[in-house]
Amino acid sequence: MSEPVLPPPYTASKADAILSEPSQNAPKVFFGRIIHSKSLKEIEIFPKAALGIDSTGTIEFLDPTVASAAEACAKHKHFALATTITLRPLQFLFPGLIDTHMHAPQYPNMALGMEGDLKEWCENWTDPIEASYADTSKARRVYREMVQKELENGSTTVAYNSSIHPDATNVLADTCLQFGQRAIIGKLCILVGSTHDNWEKNAEQSVHDECKVVEHIRRIDPAGSLVLPCIQPRAGSYVPPDLMSGLGALYRANSPIRVQAHMCETPLEVANMHELHAGFASYADMYDHYGLFGPRTILAHCIHLSERDLEVMAARKVGVAHNANSNTCLTDGWCRVRQLLDKGIKVGLGTDCSAGYSISILNAMRQASNVSRHLTIHTGDPRWKLSFEELVYLATMGGAEVCSLEDTVGNFAVGKAFDALVVDVGLEDNINTNGWESDDMALLKKWVFLGDDRSIRKVFVGGRLVAGKDMKESRLFSCA
Ligand SMILES: [Zn+2]
């Protein structure tokens, strides 16, 4: 008779457990379970390792040979006096999540207006709310709450779309810098195809206002340590040739700079682009013609692509923000992520709020998994299914590549900025860890599919503690 299988020796974290608080600028050493993505095929898990972060917030070592934080401090030069953080049995360190596509001004509309398709949703919900940010005080109220919520949900880097208003967009940049979120931000450019006065006067004004935002961001964060500017045509169907040409010139004048735009979201949107920009062989050829296609270009959606689109995208090394939640809510279609990856095109995940109803990249991972499985149901071909390893990569390293930040964030490689989450799967929330999990990978899977902001205890960006359940609780319970 075989021995009964015993559960592994996991013990639940105490709900009131608070880690020792490191001072912001001191070197830090974390010791415990460390998990990150190495490639689309490999998640690396260290059950016990030490991660050293220097006083600038840069990762100096990842050492799996030491048995404690104290041993790591003794072994590594400059870390003798480091603040040490030893993780509890059901905690792990994970790279900060990266949201490659989010509409900041649409935040108040989350979960509303999903009855229609893209056109109806834009006209009834998006245009009115985006137009309302002519009132800059609204931007101050909304963005303050939104950026904190994003951080609490573990999004350490977000590529934001803004509204057509330079002042409100500058408020967004100021807010990200204030709360310590890494962000890519531009003013939205719209001249045609919109409703509710949600458009700009002319191409000159649009380019001028975009330029004002780029200058503002470069003034408040000259080194680009957190907030980075971008040029932001809403989509080919909203930006006529004279404005697209002006944005191309702005791109060349400010290079290197990022571009964020939408592409091939619905068949109608593709047709509208061709009507406005006659004579191009594909959507991608249009953006490429104006010089807006390159390794720093972030393209949302990319669902209804032609073979020619794929060719140009691969040649120019652009990145795709896959917004599975919003694509399903608006019944846009299925983004064929496998096809993009097979062509060597960079892919990250986006929440695309408010067309998507959740700001959580954990939710984006689940939705991306489901959409890939629907493609398998639809075609009968299992190759469309994204593996768990691929989902983890897309949410972290893939997002970093799409944002052209792969040398800065995305995993715990030495030399990168410490953008990280302390995750706890032993709390009284939705994650049912009870000792029967087979291994550390099971803990990660439980978090990805069952977790939320309650299981994210600490959020670091560039080594600075910026959010997390612990921080929120200490604010709630501290005496005045
Ligand atoms: Zn979008």
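Rule-based calculations on the coordinates, nothing more; no lab input. Everything quoted here is computed from the prediction, not taken from an experiment. Positions of Cβ are generated from backbone atoms using ideal geometry, with glycine treated the same way; all protein chains shown enter the neighbour counts.
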| remark: DSSP beta bridges in the chain: the antiparallel percent, rounded to 5, is 40 percent
| Can you give the convex hull volume of the alpha carbon atoms of region 148-282 per residue, in Å³? | 123 Å³
| query | Counting only residues 5 or more places away or on other chains, whose amide H sits under 5 Å from the amide H of MET263 once H atoms are built in the peptide plane? | reply | ALA300, CYS302
| request: Sequence neighbours fewer than 8 away in the same chain don't count; with that in mind, list the lysines whose C-alpha is under 28 Å from LYS472. | output: LYS14, LYS28, LYS48, LYS138, LYS149, LYS416, LYS445, LYS446, LYS458
| remark: Once normalised by the length of the chain, the mean sequence separation of its alpha carbon contacts under 8 Å that are 6 or more apart gives a contact order in percent of 20 percent
| query | What value, in deg cm²/dmol to 500, does the helix sum -39500 (n - 2.57) over DSSP H runs of n ≥ 4 give at 222 nm once divided by the residues of the chain? | reply | -10000 deg cm²/dmol
| said: Report the Cα-based extents of region 384-480 along its three principal axes, largest first, to the nearest Å. | reply: 48, 35, 22
| For region 107-202, what Kirkwood radius comes out of the mean inverse Cα-Cα distance, in Å? | 14.1 Å
| field | Net charge dipole size for the chain [Lys, Arg +1 and Asp, Glu -1 on Cβ; Debye, nearest 20] | value | 1120 debye
| query | Taking square-rooted eigenvalues a ≥ b ≥ c of the alpha carbon gyration tensor, is region 97-402 rounded, prolate or oblate, where a/c under 1.5 means rounded and, failing that, a/b exceeding b/c means prolate? | reply | rounded
| said: Can you tell me the orientation of helix 203-220 relative to the chain, as the angle in degrees between its alpha-carbon axis and the longest Cα principal axis, to the nearest 10? | reply: 20 degrees
| task | Starting from the Cα gyration tensor of region 257-339, take the square roots of the eigenvalues, sort them a ≥ b ≥ c, and report rounded, prolate or oblate (rounded when a/c is under 1.5, otherwise prolate if a/b is larger than b/c, else oblate). | result | oblate
| note | Under the Karplus relation with 6.51, -1.76 and 1.60 and θ = phi - 60°, whole-Hz ³J(HN,Hα) for region 75-87, x at Gly and Pro, equal 7, 9, 3, 6, 10, 4, 9, 5, 6, 10, 10, 9, 6
| Taking R0 as 56 Å, what's the FRET efficiency between THR379 and ALA26 from their Cβ-Cβ distance, rounded to 0.05? | 0.55
